[in-house]
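Let me begin by presenting the structure, written as structure tokens, before commenting on it.
The values are calculated or read from the model by the stated rules, or taken from the named source; none is laboratory data. None of these values were measured; they are calculated from a predicted model. Virtual Cβ from ideal backbone geometry, glycine too; neighbours counted across all protein chains shown. Note: areas computed on protein heavy atoms with side chains; ligands, DNA, RNA excluded. Shrake-Rupley method; radii C 1.70, N 1.55, O 1.52, S 1.80 Å.
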Amino acid sequence: MAREVDVIAAEWLAAVGADPIEIKDRLDDLREQIAAGVGHAEEQLADVDASEPAAVKQAGTMLAALVASRDAAHRAAAAI
């Protein structure tokens, strides 16, 4: 998912007439939305039955992907 964030940021920046300030605002909004998803994923991970290893693994994988995406959005916005 982090790669997708990188692609989105690159496409927004490459658009004809792209305003860097507007793109930074979009990326900040995207990061905030993903951060909310991270919070929800953390709650879900806490609620997963530890006796079900597949469920724990899946929830952990989703949380890691969301964290990586949030961090990618933050890096992209900081680079502008």
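Write down the accessible area per residue of the chain in Å², having rolled a 1.4 Å probe over the full set of protein chains.
I get 66 Å² per residue for the chain.
Evaluate the relative contact order of the chain (contact order divided by residue number), counting alpha-carbon pairs under 8 angstrom at least 6 apart; express in whole percent.
After rounding, I find 51 percent.
Can you list the residues, at least 5 places off or on another chain, whose amide H is less than 5 Å from the amide H of Val48, using H built in the peptide plane?
Counting only residues 5 or more places away or on other chains, the set is empty.
Mind jotting down the distance between the C-alpha centroids of segment 58-78 and segment 14-34, whole Å?
17 Å
³J(HN,Hα) across segment 70-76 via Karplus (A = 6.51, B = -1.76, C = 1.60, θ = phi - 60°), whole Hz, x for Gly/Pro?
4, 5, 5, 5, 5, 4, 5
Estimate the FRET efficiency between Glu43 and Asp6 by the formula 1/(1 + (r/R0)^6), using the beta-carbon distance for r and 25 Å for R0, to the nearest 0.05.
Result of the calculation: an efficiency of 0.40.
Give a residue-ordered list of calculated ³J(HN,Hα) values for segment 13-20 (Karplus: 6.51 cos²θ - 1.76 cosθ + 1.60, θ = phi - 60°; whole Hz; x for Gly, Pro).
3J(HN,Hα) across segment 13-20, in whole Hz: 5, 7, 4, 4, x, 5, 8, x.
Return the label of the correct value of Cα Rg over 2.2 N^0.38 Å, as calculated from the structure shown, out of [x] 1.31; [y] 1.50; [z] 1.11.
Entry [x].
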